[in-house]
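*Asks:* Pasting a structure below so you can have a look.
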Amino acid sequence: MLDISLGLLLFVAALFLALVYLLNNMLYQPLLAFMDKREKSIQDDLATSDQNSEEIEAAMTEANDKISVAKSEAAKIREEAMSKAKEAAASKIEESKSALESQYSAFVDQLAKDKVSLKESISANLSSYQDGIQAKIKNI
């Protein structure tokens with residue numbers, strides 16, 4: 001039946017142990033070291049990512065604060081410009097009103113003078129007007 005050779009058994013056992021030793025030193029140890037190194041690199045990248053996200057959040061809040069300050073300053077500048085424009089428009093309106101009032105008063109004075117001169121002219125020529133009217137009435 002089966003004959004087990006002690007020498008061959010010891011040789012196969014020694015060869016198996018040598019193979020396990022060589023595989024351990026040449027394959028498994030470097031592979032485990034690479035996997036540990038990669039795991040550490042991933043953990044470092046995650047920590048860096050968390051730190052970067054915190055910095056990004058801080059930068060975003062700072063940027064939003066600056067934007068809100070800039071918007072409030074812009075609104076303030078806009079309000080000042082609007083008030084200055086309203087004041088300028090109001091002063092121009094007042095100047096125009098005063099100019100129109102002075103022109104109106106000058107017109108009323110001129111009208112009064114024209115009225116007086118017209119009355120004097122009509123009074124001076126009243127007799128010729130009466131003569132002309134009577135002549136027209138006679139012709140009718």
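The values are calculated or read from the model by the stated rules, or taken from the named source; none is laboratory data. As the structure is a prediction and not an experimental result, all values here were calculated from the model. Please note: Cβ atoms are built from the backbone with ideal geometry, for glycine as well, and neighbour counts cover all protein chains shown. Just the protein is used for accessible areas: all its heavy atoms, side chains included, with ligands, DNA and RNA removed. Shrake-Rupley method; radii C 1.70, N 1.55, O 1.52, S 1.80 Å.
*Asks:* Need pairs with beta-carbon distance below 7 Å; first residue open to solvent by 80 Å² or more (accessible area, probe 1.4 Å) and within region 1-25, second not small (Gly, Ala, Ser) and not in a helix (DSSP H, G or I); sequence gap 6+ or separate chains.
*Replies:* none
*Asks:* For region 34-62, what are the residues that are within 27 Å of the chain's Cα centre (by Cα) and open to solvent by 70 Å² or more (accessible area, probe 1.4 Å)?
*Replies:* Of everything in region 34-62, those that are within 27 Å of the chain's Cα centre (by Cα) and open to solvent by 70 Å² or more (accessible area, probe 1.4 Å) turn out to be Glu54, Glu55, Ile56, Glu57, Met60, Thr61, Glu62.
*Asks:* Run down Lys136, Lys71 and say which single residue is part of a helix (DSSP H, G or I) and either surrounded by 10 or more Cβ atoms within 10 Å (Cβ to Cβ) or in contact with a Gly (Cβ under 6 Å, 6 or more places away or on another chain) (or both). Please lay out each step first, then the result.
*Replies:* Details: Lys136 fails: either surrounded by 10 or more Cβ atoms within 10 Å (Cβ to Cβ) or in contact with a Gly (Cβ under 6 Å, 6 or more places away or on another chain) (or both).
Sole residue among the options that is part of a helix (DSSP H, G or I) and either surrounded by 10 or more Cβ atoms within 10 Å (Cβ to Cβ) or in contact with a Gly (Cβ under 6 Å, 6 or more places away or on another chain) (or both): Lys71.
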